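Accompanying notes for the structure given below.
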Amino acid sequence: MTRLEEIDRKISALMEAYLHDRSAETSFDEIVGNIHALHYAFSPSYRARCNSLGVPAAITRAEQVPVASLSKFKGKEVPCMVPNDGRGMSFRTSGTSTGIPTTIYRDQGYFAIRNQSVVCQGRKQWFSRYLPGKVTLIFLDAANRNNSPMFRDDYSVLNTMRTAFGNGESRFIRHREEHDAVVSIIDRSRAADRPIVLVGPSYHFSEFVAELAARNATALLGPSSLLMDSGGLKNRGRHKDTKAYLNDLTTRLGVVPGRNYVNTYAMTETGCQLSNAPGTAYKQVPPWVRARVVDDQGAPCKDGQAGNLVLVDLLNRANLLAIETGDLAVLRPEGLEVLGRR
């Protein structure tokens, strides 16, 4: 049986092949089969679920993995095959949809391949226009580093981005206390024709543009700058309507979806981050993730038909491998369109 450390090496090699545009030696389905066999052997609850569904110990296709609905874990802890040895970290979801958070433990090995996935996507999509140089990254975020005594830099997607792609002027900033500083950074970068990338959750940007609107002010990004929106508007921002939010991003910050706007789709319970690249409207799914859209009976929807989003994510190799996210989505030839919660 393939050990978890060997599975991680296979996932890492898959990412490396993607980064350098070459064929991977091990297929996605083969790695899924390795992960499934490990869970089947060592997780009694997983094995019992497989037996109830008639799923054998050995599988050859990702579609055979039992799908777990995230809604069943609200207020609970997502199972993890690796015991908590103090070297990983437990995360709590925001609970913005239901008000009920979920807890998930991520082991040390997870962070190594998660960070590699961030670097791969950054080079291939998010920051490709700035390579081989680095760019000023401004993170509008009350980061976990401020809220957890157990926080380490290698737990943070944002820190990985800053290390790999940020120059010496990159910084974390709390825009609630430093509104004028953010405006000044944007104005100076535009005047000097020096690009910046603003990174943060939707609810922070929602508050920021609402404050600009209250002042009847703008802070327009320069033509080579980007706004990278990590999502999470839901019930936490000033805007309750996505269309109004995007309109204000355009009016107040000069952000145009499909041009200088990167929107990511990520959940605490999923390891992956799906995003559109600048210039595209649809989420691009990296090769270590398989996205499916299914109807209420679990049957595949046709391209262009809305249904329930299921993600099979290799980064979740110690947790829930196949997840029904609770979101509606549409698969199109150009990519994945996430429509929001059901």
Which one, K124, K72, K134, has the greatest fluctuation when you compute a Gaussian network model over the chain with C-alpha springs under 10 angstrom? K72
Would you mind calculating the gained length between A48 and A266 on full extension (0.36 nm times residue separation, minus the Cα-Cα distance), in nm to one decimal? 75.6 nm
From Cα pairs below 8 angstrom and at least 6 apart in sequence, can you work out the relative contact order of region 222-322, rounded to a whole percent? 19
Just tell me the longest site-free run in the chain, where the sites are GluC sites (Glu not before Pro) in a DSSP loop having at most 16 other beta-carbon atoms within 10 Å. 179-333
Given the Cα-Cα distance of A213 and T60 and 0.36 nm per residue of separation, how much length would full extension add, in nm? 49.7 nm
If one builds a Gaussian network model of the chain from Cα atoms under 10 Å apart, the most fluctuating residue listed among R47, R114, R292 is R47
Relative contact order, percent, the chain [alpha-carbon distance under 8 Å, six or more residues apart]: 15
With a 31 Å threshold on alpha-carbon distance, the violating pairs from K243/K302; K72/K302; K124/K243; K124/K302 are none
Taking Lys and Arg as +1 and Asp and Glu as -1, residues besides P79 with C-beta under 13 Å from its C-beta add up to +3
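Coordinate-derived values only; no laboratory data. This is a predicted model, so every value here is computed, not measured. No Cβ is skipped: glycine too gets one built from the backbone with ideal geometry, and neighbour counts run over all protein chains shown.
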